[in-house]
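See below for the structure under consideration.
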Amino acid sequence: MTALEITGVHAGYGDAPVLRGVDLLVAEHRLVALLGPSGCGKTTLLRTVAGFHPVTGGRIRVGDRVVESAATRVPAHRRRVTIVPQEGSLFPHLDVAANVAFGLKGRDRHDVADRVQRMLELVGLAEHRRRQPHELSGGQQQRVALARALAPEPDLVLLDEPFSSLDAQLRDQLRQDVRDMLRREGATALLITHDQQEALSLADEVAIMRDGRVRQQADPATLYARPTDAWTARFLGDSVVVDARVVGAGTRAETVLGTIDVTGPTDGRSVLVRPEQLRLGPDGVPGTIERTVFHGHDSLAHVRLVDGSTVAVRTPGAAPGPGREVRLVVVGPGWLLPEGGDD
Amino acid sequence: MTSTRPPLPLLIAAAAGALVASVPLVYLLVRAGEIGLDTFADVLVRPRTAELLVSSLGLALAVCATTLVLGVASAWILATVRLPGHRWWWVLTALPLAVPSYVAAFGWLSTVPGWSGFVPAWFVLSAVCVPYVALPVGAALRRADADLALVARSLGRGRWASWRTGVLPQVTPAAGAGTLLVALYVLSDFGAVALLRFPVFTFAIQRQYGSFVGRDNAVVLALVLVALALAVVGLERWVRGRGERRRIGSGTGRPLSPVAVAPVPTLSCVAVLLLAPVVAIGVPVVALFRRLAQGTARALDPADLLDATVSTMTVAAGGAALALVLAVPIGVLAARHRGVVVDAVEAGGFSGHALPGIVVALSLVYLSLRVVPSLYQGMIVLMFAYAVLFLPKAIGATRTSVGQVPPALTEVARSLGRPPVAAHRAVTWPLATPGIAAGGLLVMLTAMKELPATLLLRPTGTDTLATEIWSRTSSAAYGAASWYALALLLVAAVPAFWLSRPVTWDGPR
C-alpha cells in the first residue's frame, strides 16, 4: 500500500515558485531518500508534507487521507506525520523519557510507560531515560529524536538531514543503526539529504530532485546504473559521458572508447560509463595520464585520449604517475542517455 | 524559520499594547493642539527657551564627549592590559549604572555643600553614564577580530595606521550608539540637574508645571524635548544599523587578549578605570555614611522608612505587571514575525524609550484630569506611567527569551499531535518564562528608582523612597535622606544592576 502519495505539488514563497509539480510515492514500510542539491526545494517539500507550508497546487495523500490539496488542509497536529529535524530539536526542558512520551499525550499511563521503554530500547538508550538533552552527545540526541518521532506510531516519519551535523565516523554508524531501527519498527520514512552516499547506501528507493521537480525515482542500483540524464548521472557520482553512435540492433555503440556494449534507449546520442567500468591494461584505446587523485583504497586517474577529451578511470591502489602512456578498455555495458534533459 | 503572517489574535493583542503605550505621546500632541499658536510662538521665541536649548544641548554634548573618551579608554584598557582580578574590573566599570543620578548628585552635594550649575551636573552625569559607552565598546572589542590589525601590519601599515584601519572600525558603531544613549539619558535626566540647580528642559518643565499659569508652557517645552529625544533615538538607530551591516564573516576571528605592561602605565590605566566609579559611587556612598554618622536633628522613624519601602515596591510591582501584560504579545510578535506592521507595532511599544519620565508624567496628569478625574493621583496612573516608560525593557526580555526558543521545537510538538496553542504552552512557554519573569523583575526594580514621574503622579500621602530622598534633600534634611538613599541602593539599584548585567555586558543580543 502507498503510505505517501505526492501528486503535482506546487509551492513557493511569495511570487517565487520552489516546487513546480512534484510527484513522489513512498510505499508502506519503506525508506525513501529525497536527494537533491541545496536549493532544489527538498526542504520545502518536507514542510508541505508535515503541514508547515501550504501548497498552491497538487495533492498530498498520507495513507488513505488527503492531507493537502486546493480544497483541504489538515493541520500539522492531525496528520500523523512526525519529523526528526536536522539538529534533533529535543525539548530542552524535558528529560529523555518525557521527550519520547511527548507525542503519546492522552494515552493510558501504562501504555505510555511501555511504549517509551520500548522506544528507548530500540534506540539503545534505555539507561539514559532520566538524562537531560544537554547531557547527551549529538548522536544520542538524534537517537532520542528518532525514538520521539516513532513513539506515536505515525503513518510517516520525515527525516530532515538528520546526520549532517555529526562527524564522519559517528555518522556512518548512526546511519546504519537508524535504518535498522526503522526496519524493526516497520516504519515508513522519507529521508531528506544532499549526500549521495547517504541516499544510495541507506534507502530502499531514491528520488532525485532538481529545480522543484522529482527527476527520477528508483532503487539505488538502478538509479546509479541507469540515470535519466547526464545531470543525474553526474550528481550521483563520478561519470564518464561520451558521444555515441548506436550500431547494430542497438546493443553496440561506436565511441571514443572504442565500440562498446550498450543498453538503454536506442535514440541516445551519448553513453554513460562509470569510472570503475574502465580498466587500465595492455589492450584498448591509448591515452596519457594527466593527473591522479589518490583516495587510499583506490585512485581516480584522469586520462587524456587521442581526440583531446579526458575520462576518469578508477583503479585499485595507486595509479601510474602523470605523463605515463596507458591503454584502457570498457568492462560491462554502457548506459545510453536519453536524448534531451541534459544541460 | 520566521513565518511572515502572524496569527490575528496575537497581532490584535500586540497592536493594542502598542496603542496603549503610545497614549502619553499621542495625548501630549492632542493637548498641544489645543494651545493657541500665539502661545506656541511666544514660548518658542522667548530668550529663556533658547537658553534652555543651549543648556540642554551643551550639557548633553559635554557629557557625551567625556563619556566617549573615558568609555572607549576604559574598554580599551580592559581589553588589552592584563590586570589582577580581571573580571572584577569589568564589574567595577559597570557599577555606576546602579546609582540613580539623583543619589550621586545628592552625595556630592552633601560633600561640597552648595555646589551648583553646569560643572557639577556635567561631572556627576558623566561619571554615571560612562558604562553606557564602556560596556558596548568592550563587548565589540571582545567580538572584534584582532587578526585584522595584524593583517594590516603585515601589509605594511604602521602600528597606529593598522589600529585605525583594523580595530577602530569594529568598535565605532558600538561607541556611537553608546554615546547617543548617553545623550538620551542626559536629556531625560531630572534628578541630578534639579538637585544641582542647572536649568535644562526637564527642570524647566517641572517648574512650569508647578506654577498654575505655566501649564501650557510646560506642554510646549515638553514637545521640544520630545523632538530632541526622537532625533537622538533616530540617530542611534541609524548608527547601529550601519554597524550591523559592517560586520562580515562568521565572527570566529581571534579576539584581542590582554597583555602585561610595565607598572607605571598599569597604574595610570587603573586610575582611568577608577575615575567614574569613584565619582559615581565612591564619594556619594562615603558621604551618605558620613551623614549618618553625624546624626540628625530629626531622628529617623523606622516605620516611615518601612512604609516608603513597601509603597515603592507595591507601585513598582503594579507597574511591572502592567508592563508585562502589554509587552508579552509585542515581544512574541517581534520574536517570531517580520514585516512593516510588526515593525510599527514594535516601534509603538518602544515609545517609552524616547519619552523622558517628566513628559510621560505631564501627559498623564492632563489626560487623567480630563478623561477620568477620579483616577488623577491614583496608584493606577503612576503604575501606567512606569509601564509605558519601562515597556522597552519588558519587550526586549520577551523578545529575547522567545527568540531563543527555536521555532523547530514547536513544529516538532505540532507534528507530535499538539495543536498550535497547546504546542506553545508545552514548549515555548516553559522555556521563555524565566527570561520574561526576569524582565518583569528588572522593570520593577528600575521603576523603584524612578523620580520625575513619581513626583508628579504619586498619590497624595504616598511616599516612595525616591520622593522621600527628593523632599529631604530639598529641605536640606540630608541625614534623614541618607537612610532612604541607602535603602534605595540596597533594595532596588544593586539588584537591578546584577539582574541586567549579562545583557548589558554583551550588548543587545
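The values are calculated or read from the model by the stated rules, or taken from the named source; none is laboratory data. Note that the structure is predicted; figures quoted are calculated from it, not measured. Virtual Cβ from ideal backbone geometry, glycine too; neighbours counted across all protein chains shown.
Some observations on this one:
- Close Cβ contacts (under 8 Å, 6 or more residues apart or on different chains) running from residues in region B:412-436 that are more than 7 Å from chain A (Cβ to nearest Cβ) to residues that are part of a helix (DSSP H, G or I) and basic (Lys, Arg) comprise B:420/B:414; B:423/B:414.
- Figure legend. Inter-residue proximity from region A:101-113: first residues more than 14 Å from chain B (Cβ to nearest Cβ), second residues surrounded by 10 or more Cβ atoms within 10 Å (Cβ to Cβ) and assigned to a helix (DSSP H, G or I), beta-carbon distance below 8 Å, spacing 6+ or different chains. Indicated pairs: A:111/A:104.
- Residue B:105 vs. criteria at pLDDT 85 or above and in contact with a Gly (Cβ under 8 Å, 6 or more places away or on another chain): yes
- Residue within region A:43-58 that is polar (S, T, N, Q), away from chain B (no Cβ under 14 Å), touching a residue at least 12 places away in the same chain (Cβ under 8 Å) and surrounded by fewer than 22 Cβ atoms within 10 Å (Cβ to Cβ) present: yes
- Enumerated strands (runs of 3 or more DSSP E) restricted to region A:201-306, each holding at least 2 residues that are closer than 21 Å to residue A:317 by Cβ: A:278-281, A:285-294, A:298-305
- Failed item, numbered, when residue B:162 is tested on (1) surrounded by fewer than 19 Cβ atoms within 10 Å (Cβ to Cβ); (2) at pLDDT below 85; (3) among the hydroxyl-bearing types (Ser, Thr, Tyr): (1)
- So residue B:404, is it of a type in the set (S, T, N, Q), farther than 16 Å from residue B:458 by Cβ and either surrounded by fewer than 21 Cβ atoms within 10 Å (Cβ to Cβ) or in contact with a strand residue (DSSP E or B) (Cβ under 6 Å, 6 or more places away or on another chain) (or both): yes
- Some residue of region A:241-250 being of a type outside the set (D, E, K, R), modelled with pLDDT under 90, surrounded by fewer than 22 Cβ atoms within 10 Å (Cβ to Cβ) and not assigned by TED's automatic domain parsing to the domain that holds residue A:314: no
- Single residue of A:110, A:134 found to be part of a helix (DSSP H, G or I), within 30 Å of the chain's Cα centre (by Cα) and assigned by TED's automatic domain parsing to the domain that holds residue A:87: A:134
- Against the conditions (1) farther than 15 Å from residue A:334 by Cβ; (2) out of contact with any strand residue (DSSP E or B) (no Cβ under 6 Å at 6 or more places or on another chain), residue A:250 satisfies every one except (1).
- Restricted to region A:114-145, and to residues there that are of a type outside the set (Val, Ile, Thr) and within 12 Å of another protein chain (Cβ to nearest Cβ), the residue that is nearest to residue A:182 (Cα to Cα) is A:145.
- Failed condition for residue A:141, given (1) part of a loop (DSSP other than H, G, I, E, B); (2) closer than 30 Å to residue A:25 by Cα; (3) without any contact (Cβ under 8 Å) to a residue 60 or more places away in the chain: (1)
- The residue that is nearest to residue A:46 (Cα to Cα), counting only those in region A:76-91 that are at the interface with chain B (Cβ under 7 Å from one of its Cβ atoms) and part of a loop (DSSP other than H, G, I, E, B), is A:85.
- Residue that is surrounded by 16 or more Cβ atoms within 10 Å (Cβ to Cβ) and assigned to a helix (DSSP H, G or I), where the choices are B:44, B:83, B:97: B:97
- Apart from one condition, residue B:471 fits all of (1) touching a residue at least 40 places away in the same chain (Cβ under 8 Å); (2) part of a helix (DSSP H, G or I); (3) closer than 27 Å to residue B:192 by Cβ; (4) polar (S, T, N, Q); the exception is (1).
- The number of residues in region A:59-75 being within 14 Å of chain B (Cβ to nearest Cβ) and basic (Lys, Arg) comes to 1.
- Taken residue by residue, region A:221-234 has no member that is crowded, with 20+ Cβ neighbours inside 10 Å and either in contact with a Phe, Trp or Tyr (Cβ under 7 Å, 6 or more places away or on another chain) or modelled with pLDDT of 95 or more (or both).
- Positions within region B:413-457 being of a type in the set (Lys, Arg) and touching a helix residue (DSSP H, G or I) at 6+ places or on another chain (Cβ under 6 Å), in sequence order: B:414, B:418, B:449
- Breaking point among (1) buried (at least 18 other Cβ atoms within 10 Å of the Cβ); (2) small (Gly, Ala, Ser); (3) closer than 14 Å to residue A:152 by Cβ, for residue A:97: (3)
- A single member of A:195, A:160, A:180, A:204 is at pLDDT 90 or above, in the same structural domain as residue A:103 (by TED's automatic domain parsing) and over 12 Å from the mean Cα position of the chain (by Cα), and it is A:180.
- Residue match in region B:211-230 (condition: charged (D, E, K, R) and not in a helix (DSSP H, G or I)): no
- Only listed residue being closer than 17 Å to residue B:274 by Cβ and at pLDDT below 90, chosen from B:99, B:124, B:112: B:99
- Elements of type helices (runs of 4 or more DSSP H) contained in region B:406-464, each with 1 or more residues being within 27 Å of the chain's Cα centre (by Cα): B:429-449, B:452-457
- All helices (runs of 4 or more DSSP H) inside region B:330-380 with 2 or more residues being β-branched (Val, Ile, Thr) and under 30 Å from residue B:463 (Cβ atoms): B:357-371
- Verdict on residue A:27 being surrounded by fewer than 17 Cβ atoms within 10 Å (Cβ to Cβ), more than 14 Å from chain B (Cβ to nearest Cβ) and in contact (Cβ under 8 Å) with a residue 40 or more places away in the chain: yes
- Number of residues in region B:17-43 that are among the aliphatic types (A, V, I, L, M) and more than 21 Å from residue B:366 (Cα to Cα) equals 1.
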